[in-house]
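What follows draws every value from the coordinates through simple rules; no lab data is involved. Bear in mind that the values here come from a model prediction, so they are computed numbers and not experimental data. Note: ideal-geometry Cβ built from the backbone for every residue, glycine included; neighbour counts use all protein chains shown.
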């Protein structure tokens, strides 16, 4: 088991700057998830011999921005999404990463500018059709990941009250424990779940379900965690402490943990890692 620090909060920084800050604070286990586009990213990471990297979602960052959606019925978005995932799997192999994870799909296609914000209502594909496309693409990805011996995880989405009100229904896949469990049972065996507790906290408040149910119902499928806290209204990626609601629910046998806290110093991120080692993964 390793505890990684996500680069997701460094969206406007180049990879050299990010890793320099991390290294100065003894943070060498990194989940690559953010930053700016760099065509030389492999050459840069190849030189960082003392780091241990994993790859998440929108990394390596494509030159032309788009929103990854493996449930898309749009042929262009679907093609771009599959191409990106395959590229990320190959990239993970090249940098000796063992994992690649990405978000569950959506019932509509989003713009990069809409991510993390209120999304204006648009036409939704049927949930049945979107799930069918998503599962079909996962089967394709499963075979590709086996070829490169990369472990794949799918992350639960986050639905806010504002977006639920805007659409009048949930436009995202895998937000609640019932749908998560239903889909996880249909996943290829080499694809597991990355449980984002920040997403879970918001979705549970929006959809009025018990947060603990996600841990309990999906336990045998959960391979990793994304850890952060929030007020239940927005996925704010705030720091947590040893009394945060999810601490006692974490499975000590889970192999992959990523701290996805934004806006804190590297010193504080290191302390959060130590907190987990002292209070959970002792």
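For segment 2-279, what is the percent of antiparallel DSSP beta bridges, rounded to the nearest 5? Don't skip to the end; give the middle numbers.
Values: 2 of 31 bridges.
Percent antiparallel among DSSP bridges in segment 2-279 is about 5.
Using 1/(1 + (r/R0)^6) with R0 = 45 angstrom and r between the beta carbons of residue 271 and residue 185, what's the FRET efficiency to the nearest 0.05?
Details: r = 38 Å, r/R0 = 0.85.
E between residue 271 and residue 185, to the nearest 0.05, is 0.70.
Run the paramagnetic zone check for residue 96: 7 angstrom along Cα to Cβ, then residues of segment 37-59 with backbone nitrogen under 19 Å.
Flagged as within label range: 41-56.
What is the ratio of the Cα radius of gyration of segment 1-57 to 2.2 N^0.38 Å, with N the residue count, to two decimals? Kindly include the intermediate steps, with their values, before the conclusion.
Numbers: Rg = 10.4 Å, N = 57, 2.2 N^0.38 = 10.2 Å.
My calculation over the Cα atoms of segment 1-57 gives 1.02.
I want to verify a result. In a Gaussian network model of the chain, Cα cutoff 10 Å, which of these has the top mean-square fluctuation: 85, 197, 67?
67
Running a GNM on the chain with Cα contacts under 10 Å, which residue among 172, 249, 32 ends up with the highest mean-square fluctuation?
249
If neighbour count is taken as other Cβ atoms inside 10 Å, put 103, 84, 56 in order from fewest to most.
Numbers: 103 23, 84 20, 56 28.
Arranged by neighbour count, lowest to highest, 103, 84, 56 become 84, 103, 56.
Give me 73, 128, 7 ranked fewest to most by other Cβ atoms within 10 Å of their Cβ, as a rough exposure proxy. Working shown, then result.
Details: 73 16, 128 8, 7 23.
Listing 73, 128, 7 from fewest to most nearby Cβ atoms yields 128, 73, 7.
Could you give the length gained on full extension between residue 178 and residue 36, defined as 0.36 nm per residue of separation minus the Cα-Cα distance, in nm?
Details: separation 142, 0.36 × 142 = 51.12 nm, distance 3.61 nm.
Value of the extension gain: 47.5 nm.
Can you tell me the relative contact order of segment 2-279? Whole percent, Cα pairs under 8 Å, sequence separation 6 or more.
Details: 499 pairs, mean separation 49.6, N = 278.
Dividing the mean separation by the residue count of segment 2-279 yields 18 percent.
Can you compute the helix-only [θ] at 222 nm over the chain? Use -39500 (n - 2.57) per DSSP H run of at least 4 residues, normalise by all residues, nearest 500 deg cm²/dmol.
Working: 9 runs with 105 residues, N = 282.
That comes out to -11500 deg cm²/dmol.
Which label belongs to the value computed from this structure, given these candidates for mean projected area of the Cα convex hull in nm²: (1) 15.8; (2) 17.8; (3) 13.4?
Matching the structure shown: (3).
So what's the gap between the Cα centers of segment 181-203 and segment 56-112, to the nearest angstrom?
Between the Cα centres of segment 181-203 and segment 56-112 lies a distance of 17 Å.
Kirkwood Rh, Cα Rg: Rg to Rh for segment 142-217?
1.04
Test of understanding: what is the full-extension gain from residue 17 to residue 120, defined as 0.36 nm times their sequence separation minus their Cα-Cα distance?
On the way: separation 103, 0.36 × 103 = 37.08 nm, distance 3.51 nm.
Residue separation times 0.36 nm, minus the Cα-Cα distance, leaves 33.6 nm.
Using a Förster radius of 22 Å, what is the FRET efficiency between residue 1 and residue 49 based on their Cβ-Cβ separation? Nearest 0.05, please.
Numbers: r = 22 Å, r/R0 = 1.00.
Using R0 = 22 Å, I get an efficiency of 0.50.
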